[in-house]
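The values are calculated or read from the model by the stated rules, or taken from the named source; none is laboratory data. Every value quoted in this text rests on a predicted model; they were computed, and no experiment measured them. A quick note on method: Cβ atoms are made from the backbone with ideal geometry, for glycine too, and the neighbour counts reach across all protein chains shown. Side chains included, ligands, DNA and RNA excluded: accessible areas come from the protein's heavy atoms. Shrake-Rupley method; radii C 1.70, N 1.55, O 1.52, S 1.80 Å.
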Amino acid sequence: MSEINTRAGFVAVIGAPNAGKSTLVNALVGQKVAIVSPKAQTTRARLMGIAIEGAAQILLVDTPGIFEPRRRLDRAMVAAAWTGAQDADLILLVIDAAAGANAEVERIISSLGARQHPLFLVLNKIDLVKKEKLLGMSVNLTSRLNPDKVFMISATQGDGVADLKHALTEAMPEGPWLYPEEEVSDATDRMIAAELTREQIVNRLHQELPYATAVETETWEDRPDGSTVIRQQILVERDSQKAIVIGKGGQRLKAIGAASREEIAHHLGRPVHLYLHVKVNPRWDEDRGLYREIGLEWAD
Ligand SMILES: Nc1nc2c(ncn2[C@@H]2O[C@H](COP(=O)(O)OP(=O)(O)OP(=O)(O)O)[C@@H](O)[C@H]2O)c(=O)[nH]1
Ligand SMILES: [Mg+2]
C-alpha cells in the first residue's frame, strides 16, 4: 500500500433513538463493538468503531439517539451526540424508515439546517417497509436536507451496507491512518465489558428499568493461567429494582451473568470469571466518577 493513497476520517453516525445506528456501526466494522437493543436510548456514550476498506480507515462515531433531554444523564447523552457530529468529516444521518419522519427526526432535521459537513442520508430497516413508502420518504427528505448521497439499507440483513461502506471510503480525506490496523474500537475492554452486561439487562428487563440502570467495571485481573477475573457493579435507583434484577432465588442475575460472561470471553478471546453485584443508589446519575467510567462528559 503506498503512503500517498491512504485515507482516514471521522464519520458521525447520528439519528433518533432506535434508528439502528449501533447495528449499522457493527455491520460496517464487521464485528460487534456497540451494544444493541429493541429499546430506545440504548447507547449512552460516544463510541468509535473502526472500519477498514482497502486503503481507507473509517472512524465511525456511534452516538446516543438524540431526544428531548430531561435529567442530567439525558443532557450528557445529547451533548455527546452533537459533539460527535461537530468533530466529524461527514455526517451519516440514520433514519428508521419503518418509523418514518416523526417528531424526533424533525428536530434533528432542523438542527442540521446550518450544517457545514457533507451529509449521507441513510434510510434503514428497508426490510420492514414497502417500496412506495420508501421512495416517498426519500424524495421528501432529500428535498429538505439536500444530502450528498442517499442510501437505502437494512443493517440487520446487510442489504446496501457494502455500497455504503464503499461510498464512505471515497468520502474520506487523504492522509495517514489514525489508529493501528488491528484496532476495532476506541473503548477500553473495561468499558466494553460493562456495556455487554448492560446489554443483557436492557434486553431482559422492561419498562423503566433499563434507564434506571448503570454498570461499572470495578476490578479487573488478568491471571497467569490465561483467564480474567472481572467484578462489576450494577447500579439501580430503588430497592424494588434491585429485587427485579436479582430475580427469584437469584435466577435472573445468574442468567445475566452467564450470558454476559460468554460475550466478554468472546470479545477478549480468553476465559472469564465474572462476578456481579447489585447496589441501590437513588442518585447514581449524579455521580461524576461514574460518568467518567462510562465515557460521558458531565453536563451542567
Ligand atoms: N428489521 C430491522 N431491524 C433493525 C435494523 N437495523 C436495526 N434494527 C433493530 O432496531 C433496534 C435498534 O437498533 P440499535 O442499533 O440499538 O439502534 P440505535 O439507533 O443505536 O439506538 P439508540 O442507541 O437507542 O439510539 C434493534 O432491535 C435492532 O435489531 C434493520 O435494518 N431491520
Ligand atoms: Mg445505539
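What to note about this one:
- Options Ala40, Ala98, Ala88: the member that is open to solvent by 30 Å² or more (accessible area, probe 1.4 Å), away from ligand 2 (no atom under 16 Å from the Cβ) and assigned to a loop (DSSP other than H, G, I, E, B): Ala98
- Where Gln57 falls short, out of the listed (1) of a type outside the set (A, V, I, L, M); (2) open to solvent by 20 Å² or more (accessible area, probe 1.4 Å); (3) over 22 Å from Arg292 (Cα atoms); (4) out of contact with any helix residue (DSSP H, G or I) (no Cβ under 7 Å at 6 or more places or on another chain): (2)
- Of Ala81, Ala51, all but one fail to be among the aliphatic types (A, V, I, L, M), at pLDDT 85 or above and either within 14 Å of ligand 2 (Cβ to nearest atom) or in contact with a helix residue (DSSP H, G or I) (Cβ under 9 Å, 6 or more places away or on another chain) (or both); the exception is Ala51.
- Pairing residues of the stretch 17-34 that are farther than 28 Å from Arg107 by Cα and part of a helix (DSSP H, G or I) with residues that are more than 8 Å from ligand 2 (Cβ to nearest atom) and open to solvent by less than 30 Å² (accessible area, probe 1.4 Å), at Cβ distances under 6 Å and at least 6 apart in sequence or on separate chains, gives Val29/Gly49; Val29/Ala51.
One line per residue, one yes/no per condition, for (1) within 15 Å of ligand 1 (Cβ to nearest atom); (2) in contact (Cβ under 8 Å) with a residue 60 or more places away in the chain; (3) in contact with a Pro (Cβ under 9 Å, 6 or more places away or on another chain):
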site: Leu92; (1), (2), (3): yes, yes, no
site: Gly100; (1), (2), (3): yes, no, no
site: Glu106; (1), (2), (3): no, no, no
site: Ser111; (1), (2), (3): no, no, no
site: Ala114; (1), (2), (3): no, no, no
site: Pro118; (1), (2), (3): no, no, yes
site: Gly136; (1), (2), (3): no, no, no
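- The set of residues from the stretch 43-72 being within 8 Å of ligand 1 (Cβ to nearest atom) and in a strand (DSSP E or B) comprises just one member, Asp62.
- Filter result for Arg198 (within 30 Å of Pro69 (Cα to Cα), basic (Lys, Arg) and touching a strand residue (DSSP E or B) at 6+ places or on another chain (Cβ under 9 Å)): yes
- Answer from Gly15, Gly30, Gly20 - the residue that is small (Gly, Ala, Ser) and open to solvent by 30 Å² or more (accessible area, probe 1.4 Å): Gly30
- Within the stretch 10-25, at least one residue is modelled with pLDDT of 90 or more, touching a Phe, Trp or Tyr at 6+ places or on another chain (Cβ under 6 Å) and within 8 Å of ligand 1 (Cβ to nearest atom).
- Filter result for Ile230 (within 22 Å of His267 (Cβ to Cβ), modelled with pLDDT of 95 or more and either more than 16 Å from ligand 2 (Cβ to nearest atom) or surrounded by fewer than 13 Cβ atoms within 10 Å (Cβ to Cβ) (or both)): yes
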